[in-house]
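The values are calculated or read from the model by the stated rules, or taken from the named source; none is laboratory data. Source: prediction; values computed, not measured. Because the Cβ atoms are built from the backbone with ideal geometry, glycine has one as well, and the counts that use them run over all protein chains shown. Surface accessibility is based on the protein's heavy atoms, side chains included, excluding ligands, DNA and RNA. Shrake-Rupley method; radii C 1.70, N 1.55, O 1.52, S 1.80 Å.
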Amino acid sequence: MTALFDQRRPVSEHLSHQTQQDHTSKSFQLCGATRPVVFVDRPCGTGKTTSLIESLQPDRKYLIVVPFLDEAVDVVSSMNKLSWRDFKTFVLDHGLATVDEQGFVRPEEAWFDEPLTDALGKARDLAANGVLVVTKAHQFLKVLPKRLFEVSKSCTVHTYMAETTMLVAYMRKLGLDYTIEKDDAEDAAFRQSVSRRPTIKKLDSKIEPLSFSYSAQDKHNKQKQERCSPVPSQSKLQRACGCEAKFDHGVLQEVELG
């Protein structure tokens, strides 16, 4: 999945204190309408990257987001170190933030005057960027910023099977407009070609003769331990068989029978 943003104005990850205040009880003002996000839904190897490169214009600025470790944009990630009890006690109960209907944490200006560190300090910064969500089960999530799709002239996402992605589900939840450009004939041809590629072979699992009873499994484990038992030490070997064993750095090299 590759995302192409046609920038209206620079988007900075680091917000000033004034910008952070704009994310408190005030609505975030956008400079003009943004057209719906366009998903170019095409199979692998059909020229999505080539099409993206050819669409670039020299007199415009773009932000291109490409995958590194996998083929999906990290839309949602868990915040396991943030405790709901601490958040409620030190933030919500003190009126430092609110939670809207969609679960987004909205910080109040007073929160920025608090010398919070560690998990709560990080939570404040995430909330200021509009990316901190708390679920009904009181779990905290870091999500893709909604304004990423609102401050650009356009956003085009090149992917395959867009309807199955977390990004489309996330946009539906937020009520963001999007369209999916898909060639049904091309998709059908790709699926048909893929169905002819795999070679299906039957695997011999050899599981039929195995017994799943406790006694049979215990016997099997003991037999396995006997087969994999380590070489006995020199003194144990001599006492057991009355022979002379020679070791080199703990490794059995030679046995002389008496």
Touching a residue at least 40 places away in the same chain (Cβ under 8 Å), hydrophobic (A, V, I, L, M, F, W, C), closer than 24 Å to Asn80 by Cα and open to solvent by 10 Å² or more (accessible area, probe 1.4 Å) - does that describe any residue in the stretch 151-166? yes
Go through Phe140, Phe190 for me and flag whichever is more than 24 Å from Leu56 (Cα to Cα) and open to solvent by 40 Å² or more (accessible area, probe 1.4 Å). Phe190
Please specify each residue of the stretch 97-110 satisfying the condition of being within 18 Å of Ser83 (Cβ to Cβ) and either open to solvent by 50 Å² or more (accessible area, probe 1.4 Å) or free of Cβ contacts under 8 Å to residues at least 24 places away in the same chain (or both). Val99
Just one listed residue, out of Phe39, Phe28, is modelled with pLDDT under 75, of a type in the set (Phe, Trp, Tyr) and either touching a Phe, Trp or Tyr at 6+ places or on another chain (Cβ under 6 Å) or surrounded by 12 or more Cβ atoms within 10 Å (Cβ to Cβ) (or both), and it is Phe28
